[in-house]
Each structure stands twice: as structure tokens, then as C-alpha cells.
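First comes the structure, then the notes that go with it.
The values are calculated or read from the model by the stated rules, or taken from the named source; none is laboratory data. Predicted model, so just to flag it, every value in this text is computed and none were measured. We place every Cβ from the backbone using ideal geometry, glycine too, and count neighbours over all the protein chains shown.
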Amino acid sequence: MPLRKQEEADLVTKADSRWYTAVLVLEGAVNGQAQAEPEIQFRLLEARDHEEAYERALEIGAQAEHSYRNSDNHEVAWSFRGLADLTEVVDGAPRHGAEVYSTRSRLPIAELVKPRKKLTSYWLEANKGKTARQILDGE
């Protein structure tokens, strides 16, 4: 019986494999109307070389597509549009503190650095259980 793609990918030996960060771009649409702000996702993947990493990143992007009905009963759809970047992880295999992606910015440092409560993980915790409407209405 032939192997599925995932099973083939799982056969990559540790000695042959390298880690990559794929930067996926997804476009959101509500009731068919594209939203102004795309979602940027950073995904780790393991591959033998950059060609295999590229193919695996495209597969991950296609699998990231999904749709659902929001709390206002609107159809929300996320579509994979492509890759913003694909780079080998500088520090090798992922481990605590490993650098998985970096970029440079022309923004002033004061605009880049946020206080603890404004970091995404804290924002998510503070808004857990709220609907999008409640968040947008400032509840």
C-alpha cells in the first residue's frame, strides 16, 4: 500500500532533516468581503532541504484554510494566499530560546516594544470567552 504524504514526511531521518520557519499569509473574508488586515502565521517545519520545505509549507498553508460562522452569524473564511518568507532556523533544531525567525524594522523602538499587558498572550487571556462583537464594542 502506498504511503500518504504525511507518512512519507515522517520518514525523514533526523540526520537528514533541518528546521525551517515558513511565514504564511492568509486573507480573511466576512460574507465574501476581503478584510483589510491579512493574518501572518509563523510555522515551524522539518524538511531535508529548502525545496522540500517549500512544498511542505504550501501544504501547511492549504491545511490552514478554514471557515466558520461568527457570533453575528456571518460566514468568515480564511484563505491561504502564499508565503511571505521561508528560512532555515538559524539555531538548528527547536529548543528553549532558539531563534526561529528574525526581521528588521524601520519603526522606532518605542513603537515596537509593548508593555506586558499589551502582548498577545495577555490580550488573549483577558479576552477569553468573549465574542468578536464584544471585543469590538469594548466590552
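What to note about this one:
- Screening Gly82, Gly97 for residues that are assigned to a strand (DSSP E or B), exposed (fewer than 14 other Cβ atoms within 10 Å of the Cβ) and under 20 Å from the mean Cα position of the chain (by Cα) leaves exactly one candidate, Gly82.
- Matching option when the condition is assigned to a strand (DSSP E or B) and under 14 Å from Val76 (Cα atoms), among Ala22, Ala29, Ala36: Ala29
- Qualifying residue in region 126-133 (condition: surrounded by 12 or more Cβ atoms within 10 Å (Cβ to Cβ), free of Cβ contacts under 8 Å to residues at least 12 places away in the same chain, not hydrophobic (A, V, I, L, M, F, W, C) and not in a helix (DSSP H, G or I)): yes
- If you check Ser121, Ser102 for being outside any loop (DSSP other than H, G, I, E, B), exposed (fewer than 13 other Cβ atoms within 10 Å of the Cβ) and polar (S, T, N, Q), only one passes: Ser121.
- Members of region 62-79 found to be part of a loop (DSSP other than H, G, I, E, B), touching a strand residue (DSSP E or B) at 6+ places or on another chain (Cβ under 7 Å) and over 21 Å from Glu46 (Cα atoms), listed by number: Asn70, His74
- Contact map, region 26-51: first residue among the charged types (D, E, K, R), second residue assigned to a helix (DSSP H, G or I), Cβ cut-off under 6 Å, separation 6 or more or different chains; pairs are Arg43/Ile60.
- Scoring Thr87 on the criteria (1) of a type in the set (Val, Ile, Thr); (2) touching a residue at least 60 places away in the same chain (Cβ under 8 Å); (3) part of a loop (DSSP other than H, G, I, E, B) leaves a single failure, condition (3).
- Checked against the criterion of being modelled with pLDDT under 95 and not in a strand (DSSP E or B), region 52-59 contains not a single residue that satisfies it.
- Taking region 100-122 as the range and being of a type outside the set (Gly, Ala, Ser) and within 18 Å of the chain's Cα centre (by Cα) as the test, the residues that pass are Val100, Tyr101, Thr103, Leu119, Thr120.
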